[in-house]
Amino acid sequence: MKKSILLLLVSIISIFFVQAQSNLSRKKISLNDLKDKIAGGWAGKMIGVTYGAPHEFRFQQAINTDTIKWAPADIKGSIWQDDLYVQLSFLMAMDKFGIDAPAKNFQEMLAKAGYPLWCANMQARKNYYDSIFPPASGDPENSFRADDIDFQIEADYIGFMNPGLPQNVVDISGKIGHIMNYGDGVYGGIFVGSLYSAAYFENDINKIIEQALHTIPAESDYAKIVRDVIKLHNHYPKNWEAAWKELDDKWGDEDISGAGSKFNIDAKLNGAYIVMGLLYGEGDVYRTLEITTRCGQDADCNPSNAMAVLGLIKGFSALPADMQKGVKDIGDSIFINTSYSFNSAVIATDQYALQLTQKKGAYIKNDTIYIPNQPLKPAAYEVSFPKLVYDRSVPVFSKSDWVFSSNWKTYIEKSWDGKSERDQAIFANKAGDAMEFSFNGTGISLMGNWVKDGGKADVYLDGKFQRRINTYYNYAAQEHRDVSIWHKFQLSPGKHTVKLVVAGEKHPDSMGANIYLTQAILFKTGDKKSEGYRFTFEK
């Protein structure tokens, strides 16, 4: 009898010890804190985007020196911001199709949403209607915008619902991110989502950034630019402007879709500004918001991401009282184009977080959730535009470079007020109308218009048929001008000739068969400025 009791005690002690050891290898967070941090993340998005909105792209390759005026009452403007409603469309897709639904369902939700889209999202919508589905829809073969910022500003919900589960962030982001992006464009979403995932259990911003870096390939340019920000912060710990200048000298003009201009919608540069704001902001919400906004370029998206990190670290209840009030005042207001409000988004994200964590072995005990440490395999390495360097742009009106058949005409565009006009494009619509353009280089993007009277054309490169393009676009009552209607990279060095032949055919919904051309953007193969670059203090 005594022996049986002794064995029972030993068994109980062993079970207790094993469970205690198991708990030591788990992260734990109370259910109240989990929901409070989720609320802080969503609130951070709303605060940051409204703080920076008046400054969006007003400063390109320049530090923002304007006076920044913002009040917590401005948070109401987040109801109309695409930083919120686009990704809430993905949350709605999860509600409709399930967490594990194929990426095509999410692309469909985006494509059929009734709001305008730009950049990589715009291309993803166009690709859907051209029957190009993920992951091909985000592939650089089918998207000139593969490295754009889009997924980076729409991946928040993924990080919010995966506390301490970085591999979940990598896996889900890999599926959703390739709807509209590739390479560094996808890594932007993975990195930002991983910042959030880590911020549930870590208060040190440096450690959060390091943890997030482990989720993306170390050899990627995205990881390299984040490492550069860390290096610059270490050298200029109190002078973010000096760090910004050196960073811009190295990376500021490496945007493919914005090639030839100071406009930079590239994920990695704008991601670097998020990191810069977090490091130099040192946990202070207003300083973080200000620095991230003053870095310029996409100056509403970047503070929105940075502030969301702080929102998760602090939790909603620890944000400044006036910010809390600004969010609470619109807590039940519905974000346009969605069925979600702040309050309902927090509830849904909390429910998904519980579902996803328990699916990975988490359990709840005494109002605390215990989440296992998750083995991590970084995202696979991929490069959208290897060794691609901008060379020059050639407008269609420099006619010595272009050969057109006689039926092409000038499209004259009037200003919004009708008081002025300009030559915007050259167009044709008769079957057989042709254009030839010869160039030296290894890449070209043929630019033109996607419009409601757009038609179809066949494209040839060096005498070989490439594909038929369709330039009709009239989704959400939106058209796009001077966009890439066809591109080709990784060509052999030397002379190449592009020929475009108007088909005289149109999409069933199109009002015409017009093909509009605006310019050719040319590229060459070579070392980018960032490769081998050394900062001034390293020379």
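The values are calculated or read from the model by the stated rules, or taken from the named source; none is laboratory data. If you're wondering where the values come from, they're calculated on a predicted model, not measured in any experiment. When we count neighbours, we look across all protein chains shown, and the Cβ atoms used for this are built from the backbone with ideal geometry, even at glycine.
Couple of notes before you dig in:
- Residue within region 513-520 that is in a loop (DSSP other than H, G, I, E, B) and surrounded by fewer than 20 Cβ atoms within 10 Å (Cβ to Cβ) present: no
- Out of GLY159, GLY174, GLY188, GLY183, one residue alone is touching a residue at least 40 places away in the same chain (Cβ under 8 Å) and surrounded by fewer than 24 Cβ atoms within 10 Å (Cβ to Cβ). It is GLY174.
- Meeting the requirement of 3 or more residues that are over 12 Å from VAL192 (Cα atoms) and of a type in the set (Val, Ile, Thr), the helices (runs of 4 or more DSSP H) wholly within region 203-281 are 221-235.
- In region 460-477, the residues that are under 23 Å from SER492 (Cβ atoms) and part of a loop (DSSP other than H, G, I, E, B): ASP462, GLY463
- Residue check, ASP204 under 22 Å from LEU356 (Cβ atoms), among the charged types (D, E, K, R), out of contact with any Phe, Trp or Tyr (no Cβ under 8 Å at 6 or more places or on another chain) and surrounded by fewer than 22 Cβ atoms within 10 Å (Cβ to Cβ): no
- Strands (runs of 3 or more DSSP E) within region 357-459 that include 2 or more residues within 33 Å of the chain's Cα centre (by Cα) and farther than 30 Å from ARG26 by Cα: 388-395, 409-414, 421-428, 434-440, 443-450
- All conditions but one from (1) of a type in the set (Phe, Trp, Tyr); (2) crowded, with 20+ Cβ neighbours inside 10 Å; (3) assigned by TED's automatic domain parsing to the domain that holds VAL502 apply to PHE342; the one that does not is (3).
- Failed criterion for LYS45 (all others in (1) buried (at least 18 other Cβ atoms within 10 Å of the Cβ); (2) farther than 26 Å from THR357 by Cβ; (3) among the basic types (Lys, Arg) hold): (2)
- Criterion (within 30 Å of PRO386 (Cα to Cα) and surrounded by fewer than 16 Cβ atoms within 10 Å (Cβ to Cβ)) met by exactly one of GLY463, GLY432: GLY463
- Lone qualifier among SER384, SER400 - being on the phi < 0 side of the Ramachandran plot, modelled with pLDDT under 95 and polar (S, T, N, Q): SER400
- Every condition in (1) closer than 25 Å to ILE412 by Cα; (2) in contact with a Leu (Cβ under 9 Å, 6 or more places away or on another chain); (3) of a type in the set (Val, Ile, Thr) holds for VAL483 except the one numbered (2).
- Flag for ALA380 being touching a residue at least 40 places away in the same chain (Cβ under 8 Å) and assigned by TED's automatic domain parsing to the domain that holds GLN87: no
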